[in-house]
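In what follows, a single structure is set out as structure tokens and then discussed.
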Amino acid sequence: MMTAPYIRSCAPVMSLFVYLWRCSAVSIDFQQRNFPSRRTGESPLSSTVSKDSFAQPASRWRGAARPGQKQPHPQRAWLRGGTAADSAGLIGKSRTLPSQGVDWPGTASVGLAGTMQDSAFHWTHGTPLTAAIVWDATHHREGGRSTRAEPKNATDLEAVPSNNLLGLDLSKFKLEHFEGWLLIMCVVAVLGAMVFEMCMYRFAAVDLSQEISYGNETHENQLSRIFVGVWPLIKPYLWHEGSWCPCLYVLVLAVLGIWNLCIGFMFTIWGKEFWDAMENKHLERFIALMQTYTVLLVTAILVGTYEQYIGMMFVIDWRRWMTRWFLGLWLEAKAYYQMQLSQESNAPDNPDQRIQEDINLFVPALLMLATGFANAVGELAINLPLLLFLSPTTAFGVFYCPGWLLYFAIIYSTVGTFAAHYIGNKLILVNFAKQRYEADFRYHIVQVRDHAESIALFASEECELRRMEGRFDAIVRVWWALMLYTKRLGFFTSFYANTASQFSWLILAPSYFRGDVSLGSLFMLIGALLRVKASFDWIISSYTTLTDFRATADRLENFHKEMARHKTVSDVNRLQHPAPHEPDAAVVAQDICVRLPASAGGRAIWQGAGLTVRRGEFVLLTAPEGSGKSCFFRALAGIWPDSSGTVYLPGDGALFVPQHSHIPQGTLKQALTYPECEDNFSDVEVRQALSAVALDKALAGRNLSEEANWEMALSGGERQRLAIAHAVLRRPEVLFLDEATSAMGNDGALELYELLRKPGTLPDGAAVVSISHSISLLQPVHDRTYAYDGASGKWKKSA
């Protein structure tokens with residue numbers, strides 16, 4: 001903690017300040033006694049102590065009472081950290097100065113610890129301030145001759161009155177004593193703000209002249225459309241089948257909210273009666289009201305605490321359901337893959353951030369806004385009748401206007417709401433951009449982690465550092481924009497909030513002074529007016545939350561629309577059975593047309609292509625780089641969006657193995673069995689599959705339950721062997737291999753194809769379709785070979 005060292009470092013300065021404070025009071029007392037003609041009415045801190053005043057003992061400062069001056073009260077004394085004493089003790093008395101006629105605290109010579117004879121003012125690091133002000137009250141001057149009485153025991157000293165602080169009577173301070181200081185502070189604040197505005201951008205450390213990109217996604221920043229698009233995001237949770245929890249949560253929170261409103265109304269009535277009892281000095285009623293207050297307080301604490309707790313239960317349940325819903329939509333129909341391919345300018349970016357962070361922001365903010373709005377409506381329902389029927393009939397004490405407090409609240413809040421939106425509506429776009437840049441920066445950091453080996457081999461740390469610093473500079477720029485608009489809105493909201501309560505007192509003061517309302521009624525009307533006004537000011541008080549919420553809702557709404565747009569993966573028609581004239585066909589593809597995405601030009605790469613593979617046949621497909629042979633496989637798998645045609649595959653018996661297979665982090669058994677559940681296969685089957693692809697030696701001594709990042713732990717060839725081992729374990733009817741042996745040597749590739757041809761490795765009649773550039777190497781282990789014909793955009797059988 002930094003508090004204790006900070007206090008210790010400030011101790012000398014605070015000691016000096018208190019010392020000067022006391023010296024000022026001493027000087028006033030000395031000057032009033034020795035210079036009666038001096039002008040009176042000065043602030044207790046307006047004079048300075050003279051050097052000679054400390055040269056005299058404390059007894060020289062005190063004299064007998066002059067005409068018109070009170071005699072020292074025998075029981076008033078002060079000893080900080082001491083005990084009671086009588087009038088002969090070592091403590092100062094208050095008395096009336098002849099020129100003022102008011103009580104000023106008596107003072108004595110004061111100094112730091114051990115510096116003055118008649119006082120002790122002690123400050124130590126880590127200990128409370130302890131002061132003892134020594135003053136012999138019975139010592140006075142008589143005819144120029146001074147006498148001194150010995151103090152009595154310390155046990156006779158009496159504590160200081162509660163309105164004294166360090167020997168100063170705080171009840172005598174007035175605002176007029178500080179008017180000069182207030183003016184100085186105001187001028188300094190204005191000048192400081194001007195200087196700061198002129199030089200603050202020098203601290204940005206980035207080029208703020210660059211424009212902030214808000215992207216091409218749709219945004220809503222109109223006040224009337226602030227909640228447009230939110231209902232489709234919340235309706236599925238509130239009305240989803242098989243669960244009554246959402247409705248129960250809403251019902252319980254509504255009941256607790258109404259309960260809280262009733263307690264607030266009772267507090268309003270209690271406040272009126274309390275202040276009426278105080279004004280009329282009814283002690284019995286005061287005691288009864290305090291007992292009632294205890295009951296109200298206990299009820300309010302319990303209801304408020306459990307309302308918050310159940311609200312948190314509601315949030316996590318809603319977030320859990322909404323996260324599962326979005327994950328399902330994202331993975332359904334392979335929308336995650338199509339969105340990755342589209343790369344359109346208005347396509348939602350960083351889906352991971354929208355699912356993890358945006359939902360986490362959306363649900364609590366929505367619940368906060370909903371409960372706040374409901375509370376505002378409830379406060380209006382309760383307090384509007386008070387303003388309508390209990391308002392003074394004379395507005396501002398000038399003209400007749402029943403219910404004028406309500407009209408004032410409506411007009412005042414309406415003007416404030418439109419002003420706040422006009423000043424701060426840009427915050428919606430800025431918050432949207434902030435979330436986007438934060439996600440981009442995090443994504444680039446993850447890229448460095450995922451491609452650590454390549455970056456290390458290229459020694460591209462400096463390049464990656466510049467890239468990440470550039471991303472973070474964008475965050476800094478958008479943060480400065482956020483500060484700018486927040487500052488503008490803050491000026492208005494601070495002015496609005498600080499003047500609202502004062503306006504309420506100002507407009508009701510004439511009615512109180514005219515006797516139209518009692519003190520209790522005044523407090524009740526003030527409370528009701530502030531609550532009604534706070535209800536009308538709900539948009540103003542929640543505007544920052546609204547802008548954050550709207551930006552988050554825009555991101556989720558755009559993401560939801562994009563996922564819904566990709567419900568159909570492609571236009572390829574899947575047949576359940578092969579054609580009657582080809583009963584032994586394992587794969588049939590007819591009239592396959594494939595285009596590149598619109599972002600890549602939309603060029604057609606396959607036009608009416610066809611392919612037939614019979615059961616038990618090994619077929620090799622080859623084509624130049626960039627011709628789209630992998631896209632043909634993706635069209636057969638049904639994941640390429642810009643494709644059409646007719647395809648027959650044997651149900652779920654087809655397995656596509658890409659060039660770089662994904663290996664999840666986890667146990668070795670999970671890495672091999674992915675995406676199937678590891679419990680579907682025994683440890684013996686897994687070990688046999690590893691041994692079949694010659695990985696048993698590379699993984700010797702590694703337990704199947706050992707967890708590691710296997711994508712980093714294995715080499716490129718070993719990762720491809722692991723993918724083939726999964727195919728051996730799964731035993732598909734049709735196996736598609738897309739450059740699945742490109743990272744292996746020639747012997748390793750031939751070894752694996754010989755394994756696949758070995759009886760028992762795959763089911764009887766299983767077909768294998770391979771894509772490879774190694775024609776001379778793999779053609780002998782395949783039954784047929786097809787080459788790409790660029791002129792026709794079809795497969796052409798090779799000799």
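Observations, loosely collected:
- Per residue, the accessible area of region 221-354 comes to 61 Å², computed with a 1.4 Å probe over protein heavy atoms only.
- Rounded accessible area per residue of region 608-762, 1.4 Å, Å²: 43
- Value in Å of the Kirkwood radius, where region 224-324 supplies the Cα pairs that are averaged: 16.8
- For region 362-375, backbone phi angles converted through the Karplus equation (6.51, -1.76, 1.60; θ = phi - 60°) give residue-by-residue couplings of 5, 5, x, 5, 5, 5, 5, 5, 5, 5, x, 5, 4, 5 Hz, Gly and Pro being listed as x.
- Residue-wise HN-Hα couplings along region 713-727, as the Karplus relation 6.51 cos²θ - 1.76 cosθ + 1.60 with θ = phi - 60° gives them from phi, are 6, 9, 6, x, x, 5, 5, 5, 5, 5, 5, 5, 4, 5, 5 Hz; Gly and Pro carry x.
- Whole-Å semi-axes of region 443-545's equivalent ellipsoid (Cα gyration tensor): 59, 13, 8
- Percentage of interatomic Cα-Cα distances in region 470-525 larger than 17 Å: 60
- Estimated vicinal HN-Hα couplings, Hz - region 404-417 in sequence order (Karplus 6.51, -1.76, 1.60; Gly, Pro = x): 5, 5, 5, 5, 4, 5, 5, 5, 4, 6, 5, 4, x, 5
- Of the chymotrypsin sites (Phe, Trp or Tyr not before Pro) in region 239-293, the ones in a loop by DSSP (not H, G, I, E or B) with at most 16 other beta carbons within 10 Å are TRP239, TRP244.
- The simple spin-label model puts a point 7 Å past each Cα toward its Cβ; for ALA509 and ALA381 those points are separated by 3.7 nm.
- Summing +1 for each Lys or Arg and -1 for each Asp or Glu among the other residues whose beta-carbon sits under 9 angstrom from that of GLU617 gives +2.
- Residues whose placed amide H lies under 5 Å from that of ASP571, excluding near-sequence neighbours: SER643
- A straight Cα-to-Cα reach below 18 Å connects LYS669 with the aspartates and glutamates GLU678, ASP679, ASP683, GLU685, ASP696, GLU706, GLU707, GLU711, GLU718, residues fewer than 8 places away in its own chain not being considered.
- With the highest mean first, a sort of the peptides 636-647, 485-496 on other beta-carbon atoms found within 10 angstrom per residue produces 636-647, 485-496.
The values are calculated or read from the model by the stated rules, or taken from the named source; none is laboratory data. Nothing here was measured: the structure is a model prediction, and the numbers come from that model. Neighbour counts are summed over all protein chains in view; Cβ atoms, including those assigned to glycine, are modelled from backbone coordinates with ideal geometry. Note: areas computed on protein heavy atoms with side chains; ligands, DNA, RNA excluded. Shrake-Rupley method; radii C 1.70, N 1.55, O 1.52, S 1.80 Å.
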